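Read through the structure below, which is laid out as structure tokens, and then see the notes.
The values are calculated or read from the model by the stated rules, or taken from the named source; none is laboratory data. Being a predicted model, the structure only gives us computed values, none of them experimental. Don't worry about glycine lacking a Cβ; one is built from the backbone with ideal geometry, like all the others, and counts go over all protein chains shown. Calculation scope for accessible area: heavy atoms of the full protein, side chains included, ligands and nucleic acids excluded. Shrake-Rupley method; radii C 1.70, N 1.55, O 1.52, S 1.80 Å.
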Amino acid sequence: MRRRSLLIAVPAGLVTLSACGDDGSGSSSNASDSPSPQASAGSAPPPKIVDGPLPAITAGTKFGEKPTVAKGSGEPSKDVAVKTVVAGGGRAVAENDFIAADYLGQVWSSAKVFDNSYDRKTPLVIQLAQGSIIDGWRYALTGKKTGSRVEFSVPPTWGYGEQGNEQAGIKGDDTLVFVVDIKDTFNAKSSARGKQVPQDDAALPKVGTNTDGAAPSIEVPKTDAPKRLVAQYVLEGDGAEVGAQDSVLVQYKGVLWDGGKEFDSTYARKQLTSFSLQQVVKGWAQGLTGKKVGSRVLVVIPPDLGYGDNPPQGSDIKKDSTLVFSVDILAKM
């Protein structure tokens, strides 16, 4: 299983789509070979943001290149020191946004690298929210623009606290140094932006192609529901294909085939959702596997790949319901 970042905490569960009757817990946490430490509870006040000191980046100085960072010289700041090394021209990151970023983290006093995403060839996708990541990241990166490289130092107060992180070799008094390349940012107004694909089958639902962040329309035909899974592009993106064991960041809307009533939507909650394809109903896992990041996908799930005769309690989903989804695949995690 692919090693995940040491920085992340387990995200909130996606209750509606969690697989029923599986051996797993049904949580939407990201798969990991190692424990993902919870961020601090937020008892520390916001730090003062200062310009330095920060160690030099001695190699890999361009955005997207794996950096080499010198050992810290002298005593680190007791505050959070932040420097924009490369200024990007994209959208500014807001607190509670998700970001896609490559990064390297090391200990100030030893220059020991404890984690980096460059070697994994996969950017970290994480929400800059309290409880999702160490607080130093939230304070250092909020307001920075996509396309930026940011270097910053994080003292224990806004890092791992007095307990440190034994797995990563971080002691309770270690100040950490990070270099972060912000590749993209996502929030509740994000949409897929792929190329429109004709929706010619009159026996299938028609999904809206708007890319303004509003929920797309779903028009269900007055015909019998298909007996097999349907998973078709509405907007075809050009990103990486989603694998069966991947986690994804999505916007989605779900309606019932019978009557077209909406029963679940990230748009209504104004909150993106992330989850592992191994922890959702089979129709979602099979329907999104192989689809490209940046796409909007119509997924029609027959009962045997959805909830069958065991729908979630308290939902509007009845036994043996066929489910219709519009899913925007924003990022692979």
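Evaluate the following for Phe275: is it modelled with pLDDT under 95, farther than 12 Å from Leu298 by Cα and open to solvent by less than 60 Å² (accessible area, probe 1.4 Å)? Yes.
Among Glu65, Glu75, Glu95, which is the only one that is closer than 26 Å to Lys171 by Cα, open to solvent by 20 Å² or more (accessible area, probe 1.4 Å) and either of a type in the set (A, V, I, L, M) or part of a loop (DSSP other than H, G, I, E, B) (or both)? Only one candidate qualifies: Glu75. Annotation note: of Glu162, Glu219, the sole residue that is open to solvent by 30 Å² or more (accessible area, probe 1.4 Å), more than 28 Å from Gly64 (Cα to Cα) and modelled with pLDDT under 95 is Glu162. The set of residues from the stretch 240-265 being open to solvent by 30 Å² or more (accessible area, probe 1.4 Å) and within 15 Å of the chain's Cα centre (by Cα) comprises Ala240, Gln245. Once the stretch 115-129 is narrowed to residues that are crowded, with 18+ Cβ neighbours inside 10 Å and more than 16 Å from the chain's Cα centre (by Cα), the residue that is nearest to Lys332 (Cα to Cα) is Asn116. Selection of the stretch 234-255 for residues being outside any loop (DSSP other than H, G, I, E, B), more than 11 Å from Ile329 (Cα to Cα) and touching a Leu at 6+ places or on another chain (Cβ under 9 Å) yields Val234, Gly254, Val255.
Across the stretch 184-216, the qualifying residues are those that are touching an Asp or Glu at 6+ places or on another chain (Cβ under 7 Å) and either open to solvent by 80 Å² or more (accessible area, probe 1.4 Å) or part of a loop (DSSP other than H, G, I, E, B) (or both), and the one among them that is farthest from Arg296 (Cα to Cα) is Asn187. All conditions in (1) open to solvent by 10 Å² or more (accessible area, probe 1.4 Å); (2) in contact (Cβ under 8 Å) with a residue 12 or more places away in the chain; (3) small (Gly, Ala, Ser) hold for Gly283, with the sole exception of (1). The set of residues in the stretch 247-264 that are in contact with a Ser or Thr (Cβ under 9 Å, 6 or more places away or on another chain) and closer than 12 Å to Phe325 by Cβ comprises Val250, Gln251, Tyr252, Lys253, Gly254, Val255, Leu256, Trp257, Phe263, Asp264. The criterion of being under 21 Å from Trp158 (Cβ atoms), at pLDDT below 95 and either open to solvent by less than 50 Å² (accessible area, probe 1.4 Å) or outside any loop (DSSP other than H, G, I, E, B) (or both) holds for Ala39.
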